[in-house]
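Asks: This structure is in structure tokens; I'll ask about it shortly.
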Amino acid sequence: MNKSWQQVLVIDDEPDIRELLSMTLARMNLATKEAGTVKEAKELLKDKTFNLCLTDMRLPDGSGIDLVRFAQERYPHLPIAVITAYGNVESAVEALKAGAFDFLSKPVQLDDLRNLVAAALKASSPAHEKERRHRHMLIGDSPAMQEIRGKIGKLARSQAPIYISGDSGTGKELVARLIHDQSARSEAPFVPINCGAIPSELMESEFFGHRKGSFTGATANKPGLFQAADGGTLFLDEVAELPMHMQVKLLRAIQEKAVRSVGAQSEVPINVRFLSATQRDLSGLVAKGKFREDLYYRINVIELRVPNLRERVGDIPLLVEHFLRRLDEDGPRYALTQEAYAALNAYAFPGNVRELENILQRAVALCEGNTIAAEDLGLSESKPGASQTGFVPGGEPLEGYLARIEKRALIDALTRTSQNKTAAAKLLGMSFRSLRYKLDKFGID
């Protein structure tokens with residue numbers, strides 16, 4: 001056997017199925033080992049190193065999901081694809097939530113199998129770790145940002161649909177780009193779609209393309225954004241804005257992995273990973289009947305929440321430095337006074353990171369010389385959510401002032417979570433132990 005061949009573990013209790021899969025993989029220059037039970041698969045995983053695992057969902061002594069969980073715990077970098085019965089959406093979603101790389105439906109289409117295998121092997125390749133692009137960055141060293149970076153790295157190794165939630169201005173599209181850049185699809189297109197910016201009557205054509213003559217003005221064939229993202233990632237921003245008729249068509253495209261252009265007679269297959277985001281309460285819209293429940297569960301296989309800027313105040317100096325460096329390229333170097341930093345720390349930032357960038361752009365234009373003072377920031381006390389501390393520069397030591405800000409943030413988090421300390425710690429981006437220490441420090445009961 002060629003020692004350079006990569007190893008795939010094939011698990012199915014039917015010998016004929018194992019043989020078919022092994023023959024297909026052999027034509028891709030892949031070596032295989034076969035197992036018929038969960039027990040046999042676990043023994044092989046312990047004894048040998050594999051680049052990919054393909055497992056049937058139903059096995060005599062367990063399920064494919066059992067194997068996914070076993071591998072996630074012991075071999076977190078091993079991609080596992082689960083083969084499910086046709087139309088068994090619940091099992092597929094459960095497998096993805098457990099950590100499966102992707103799933104295939106029976107009867108297995110060989111082209112789909114080859115695409116999945118190629119993507120999985122690229123994701124597990126050590127060389128891929130070195131080839132990841134870092135054109136985009138998440139700025140900050142707070143616990144909340146360290147946690148989200150870890151989640152991005154883990155989710156990038158999967159093909160599961162991800163729902164990115166968070167308020168406006170928190171950086172949801174940046175998170176989506178990072179998931180794409182760190183994935184096996186990084187060399188293929190990342191195509192963002194703002195679902196709220198496309199007129200309802202043009203959505204189907206923009207999403208799926210159209211054929212020449214299919215409607216007035218269709219003078220040539222035009223591929224849609226789904227086709228443009230083929231092999232890569234499609235990011236549906238503000239997905240809550242989709243009208244009901246497009247929700248139906250999107251659900252079909254996700255389920256069938258195929259789209260039909262306006263005026264076309266047949267569907268064409270697409271190989272796309274779906275990421276979506278919105279600042280609205282999607283589950284609330286489902287409860288009100290304004291968003292399809294079946295679509296909600298297909299795009300929200302895994303939810304990734306992006307924290308507000310108020311939840312990571314400690315990152316403000318790094319963000320300020322980052323934005324000022326971009327603003328003062330080939331020009332003077334700007335710096336903030338201590339009072340200006342204190343004013344930013346006290347501000348509520350309803351517009352989050354995007355608002356901070358806009359504040360600094362305005363301050364650079366208004367400040368005298370290269371020093372940005374608190375008054376240059378234009379932070380109004382009457383702004384929604386603004387600090388009401390009455391801070392006067394020089395009127396209080398900075399340490400005491402920041403302690404009051406920290407104490408107020410703790411009380412606010414406890415109030416917002418109905419005194420649930422575990423939820424409050426998560427909201428503040430800190431461990432439960434750290435929260436208890438802070439509460440004792442400030443005498444908060």
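The values are calculated or read from the model by the stated rules, or taken from the named source; none is laboratory data. Fair warning: this is a prediction, and the values are worked out from it, not measured in the lab. Backbone-built Cβ (ideal geometry, glycine too); neighbour counts: all protein chains shown. Each accessible area value is taken on the protein alone, full model and side chains, heavy atoms only, with ligands, DNA and RNA left out. Shrake-Rupley method; radii C 1.70, N 1.55, O 1.52, S 1.80 Å.
Asks: Only one of these is over 26 Å from the mean Cα position of the chain (by Cα), without any contact (Cβ under 8 Å) to a residue 60 or more places away in the chain, closer than 16 Å to ILE139 by Cβ and open to solvent by 50 Å² or more (accessible area, probe 1.4 Å): LEU344, LEU360, LEU366, LEU327. Name it.
Replies: LEU327
Asks: Check LEU236, LEU250 and return the single one that is part of a helix (DSSP H, G or I) and under 14 Å from MET203 (Cα atoms).
Replies: LEU250
Asks: Something else now. Just checking, does region 7-22 include any residue being buried (at least 17 other Cβ atoms within 10 Å of the Cβ), farther than 20 Å from ALA100 by Cβ and out of contact with any Ser or Thr (no Cβ under 8 Å at 6 or more places or on another chain)?
Replies: Among the residues of region 7-22, not one is buried (at least 17 other Cβ atoms within 10 Å of the Cβ), farther than 20 Å from ALA100 by Cβ and out of contact with any Ser or Thr (no Cβ under 8 Å at 6 or more places or on another chain), which makes the answer no.
Asks: Sticking with this structure for a sec: Scan (1) touching a Pro at 6+ places or on another chain (Cβ under 9 Å); (2) open to solvent by 30 Å² or more (accessible area, probe 1.4 Å) for the single condition CYS53 breaks and write down its number.
Replies: Result: CYS53 passes all but (2).
Asks: Still on this structure, I have one more. VAL262 - would you say it is in contact with a Ser or Thr (Cβ under 6 Å, 6 or more places away or on another chain), open to solvent by less than 40 Å² (accessible area, probe 1.4 Å) and modelled with pLDDT under 90?
Replies: yes
Asks: Within region 152-184, how many residues turn out to be among the acidic types (Asp, Glu) and either under 25 Å from ALA92 (Cβ atoms) or in contact with a Pro (Cβ under 9 Å, 6 or more places away or on another chain) (or both)?
Replies: 2
Asks: In a loop (DSSP other than H, G, I, E, B) and open to solvent by less than 60 Å² (accessible area, probe 1.4 Å): which single residue out of ILE193, ILE179, ILE198 fits that description?
Replies: Testing whether each residue is in a loop (DSSP other than H, G, I, E, B) and open to solvent by less than 60 Å² (accessible area, probe 1.4 Å) leaves just ILE198.
Asks: Go through region 413-443 residue by residue and tally those that are loosely packed, with under 12 Cβ neighbours inside 10 Å, at pLDDT 80 or above and more than 18 Å from ALA144 (Cα to Cα).
Replies: 1
Asks: At least 3 residues that are farther than 23 Å from VAL175 by Cβ in each: list the helices (runs of 4 or more DSSP H) lying fully within region 268-347 that qualify.
Replies: 338-346
Asks: Residues to consider are VAL364, VAL306; find the one that is at pLDDT below 90 and hydrophobic (A, V, I, L, M, F, W, C).
Replies: VAL364
Asks: Output the residues belonging to region 348-357 that are in a helix (DSSP H, G or I) and open to solvent by 30 Å² or more (accessible area, probe 1.4 Å).
Replies: ARG354, GLU357, listed by residue number.
Asks: Here are some residues: VAL313, VAL268, VAL306, VAL259. Which one is more than 30 Å from ALA409 (Cβ to Cβ), under 24 Å from the mean Cα position of the chain (by Cα) and of a type outside the set (S, T, N, Q)?
Replies: So the residue among VAL313, VAL268, VAL306, VAL259 that is more than 30 Å from ALA409 (Cβ to Cβ), under 24 Å from the mean Cα position of the chain (by Cα) and of a type outside the set (S, T, N, Q) is VAL259.
Asks: Would you please name the residue that is modelled with the highest pLDDT, looking only at residues in region 116-151 that are hydrophobic (A, V, I, L, M, F, W, C) and surrounded by fewer than 19 Cβ atoms within 10 Å (Cβ to Cβ)? Reasoning before the result, please.
Replies: Narrowing region 116-151 to residues hydrophobic (A, V, I, L, M, F, W, C): 116-121, 123, 127, 137-139, 144-145, 148.
Still in the list and also surrounded by fewer than 19 Cβ atoms within 10 Å (Cβ to Cβ): 118, 121, 127, 137-139.
On the way: ALA118: 86, LEU121: 84, ALA127: 49, MET137: 75, LEU138: 86, ILE139: 89.
Checked region 116-151; the qualifying residue modelled with the highest pLDDT is ILE139.
Condition check ((1) in contact (Cβ under 8 Å) with a residue 24 or more places away in the chain; (2) at negative phi; (3) of a type in the set (Asp, Glu)) across all residues:
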{"residue": "GLN159", "(1), (2), (3)": "yes, yes, no"}
{"residue": "ILE162", "(1), (2), (3)": "yes, yes, no"}
{"residue": "GLU173", "(1), (2), (3)": "yes, yes, yes"}
{"residue": "ARG177", "(1), (2), (3)": "yes, yes, no"}
{"residue": "ASP181", "(1), (2), (3)": "yes, yes, yes"}
{"residue": "VAL191", "(1), (2), (3)": "yes, yes, no"}
{"residue": "ASN194", "(1), (2), (3)": "yes, yes, no"}
{"residue": "LEU202", "(1), (2), (3)": "no, yes, no"}
{"residue": "GLU206", "(1), (2), (3)": "no, yes, yes"}
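Asks: I would also like to ask the following. Can you say whether ALA287 is within 27 Å of ASN88 (Cβ to Cβ), within 24 Å of the chain's Cα centre (by Cα) and open to solvent by less than 70 Å² (accessible area, probe 1.4 Å), as far as the supplied structure shows?
Replies: It is false that ALA287 is within 27 Å of ASN88 (Cβ to Cβ), within 24 Å of the chain's Cα centre (by Cα) and open to solvent by less than 70 Å² (accessible area, probe 1.4 Å).
Asks: Within the bounds of region 95-104, is there any residue that is open to solvent by less than 70 Å² (accessible area, probe 1.4 Å), modelled with pLDDT under 90 and under 20 Å from GLU19 (Cβ atoms)?
Replies: Yes, because at least one residue in region 95-104 is open to solvent by less than 70 Å² (accessible area, probe 1.4 Å), modelled with pLDDT under 90 and under 20 Å from GLU19 (Cβ atoms).
Asks: For region 201-215, what are the residues that are closer than 19 Å to ALA228 by Cα and part of a helix (DSSP H, G or I)?
Replies: Residues satisfying the conditions are LEU202, MET203, GLU204, SER205, GLU206, PHE207, PHE208.
Asks: Those residues that are over 23 Å from LEU304 (Cα atoms) and aromatic (Phe, Trp, Tyr), I need them from region 176-222; list them, please.
Replies: Selection gives PHE207, PHE208, PHE215.
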